[in-house]
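Since the structure comes first, as structure tokens, the remarks are kept for the end.
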Amino acid sequence: AGLSLAAVAWLVWSLDPLRALGHRLLLVAAVGLALGGLLTWLGLLPLANVAKVVAATALGLWVAENLEHASWVILVAVVSAVVDIASVYGGPTRALLEEGPKVVGYFTVALAWIGYDIADGYTALGISDVVFFSLYLGAARRFRLRPVASAVAMVASFLVTIVAALCWEALP
């Protein structure tokens, strides 16, 4: 999962030039999300993962580009954390997890485990997590807030959460 997460982070990092698209990033996000859903339905999970990461990155970069002040990133972080906690413990995320793998697969990026088929052994990273990863990375680049250190810290936080989730259930 760590290697897969590093690949996701690299893909998000490499998509930064898409910022130049401005509001057309929303079109990229819509097409990527539709393609990700179709590819998930077809069972082509690695390709679906790429499409979902592109969609989430485009949306996150669009939001980052529309933040007027660096201080707004703090507000976004606080609000998103509260919403994520509420969603995982009693909201839409909990409802999705209770519906089972067929539904969850449309809203997650599957981080495969080495030695397992992607359908048999993986950790699911929510598309919203990728949106916020790209939003924070885009904001770090835009406002010159040490983007490399930010990316490394975010990947480390995802890994810690994944390890903790192996001991418990889904975590925000």
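The values are calculated or read from the model by the stated rules, or taken from the named source; none is laboratory data. Only a predicted model underlies this, so the values are computations on that prediction, with no experimental measurement involved. Because the Cβ atoms are built from the backbone with ideal geometry, glycine has one as well, and the counts that use them run over all protein chains shown. Surface accessibility is based on the protein's heavy atoms, side chains included, excluding ligands, DNA and RNA. Shrake-Rupley method; radii C 1.70, N 1.55, O 1.52, S 1.80 Å.
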**Item:** Net charge dipole size for the chain [Lys, Arg +1 and Asp, Glu -1 on Cβ; Debye, nearest 20]
**Value:** 540
**Kirkwood-Stokes translational diffusion coefficient of segment 19-172, alpha-carbon pairs, 37 °C, 0.692 mPa s, µm²/s** = 202
**Item:** Average accessible area per residue (Å²) across segment 1-130 - probe 1.4 Å, nucleic acids and ligands excluded
**Value:** 56
**Message:** Under the rule that an exposed site lies in a DSSP loop and has at most 16 other Cβ atoms within 10 Å, name the longest stretch of the chain with no GluC sites (Glu not before Pro) of that kind, not counting the sites themselves.
**Reply:** 69-168
**Request:** Please identify every one of the trypsin sites (Lys or Arg not before Pro) in segment 124-158 that sits in a loop by DSSP and has no more than 16 other beta carbons within 10 Å of its own beta carbon.
**Result:** Arg144
**Accessible area of the chain belonging to carbon and sulfur atoms, whole % at 1.4 Å probe** = 72
**Item:** Ala30-Asn66 FRET efficiency (beta carbon distance; Förster radius 22 Å; 0.05 resolution)
**Value:** 0.85
**Item:** Spacing of the two label points (7 Å from each Cα toward its C-beta) at Leu75 and Tyr106, in nm
**Value:** 3.3
**Request:** Could you list the residues of segment 1-25 with an amide nitrogen less than 20 Å from a label point located 7 Å from the Cα of Ala149 in the Cα-to-C-beta direction?
**Result:** 13
**Request:** Pick out which of Ala81, Ala51, Ala29 has the largest mean-square fluctuation in a Gaussian network model of the chain, springs linking Cα atoms closer than 10 Å.
**Result:** Ala81
**Asked** What is the chain's relative contact order, in percent, from Cα pairs under 8 angstrom and six or more apart in sequence?
**Response** 28
**Message:** Output needed: percent of Cα pairs per 5 Å distance bin for segment 25-87, bins running from 0 to the one holding the longest distance.
**Reply:** 4, 19, 17, 16, 18, 15, 7, 2, 0
**Message:** Under 8 Å for C-alpha pairs, at least 6 residues apart: give me the relative contact order for segment 11-65, rounded to a whole percent.
**Reply:** 48
**Request:** For Gly126, list long-range residues whose amide hydrogen, built 1.01 Å from N in the peptide plane, is under 5 Å from its own amide hydrogen.
**Result:** Val109
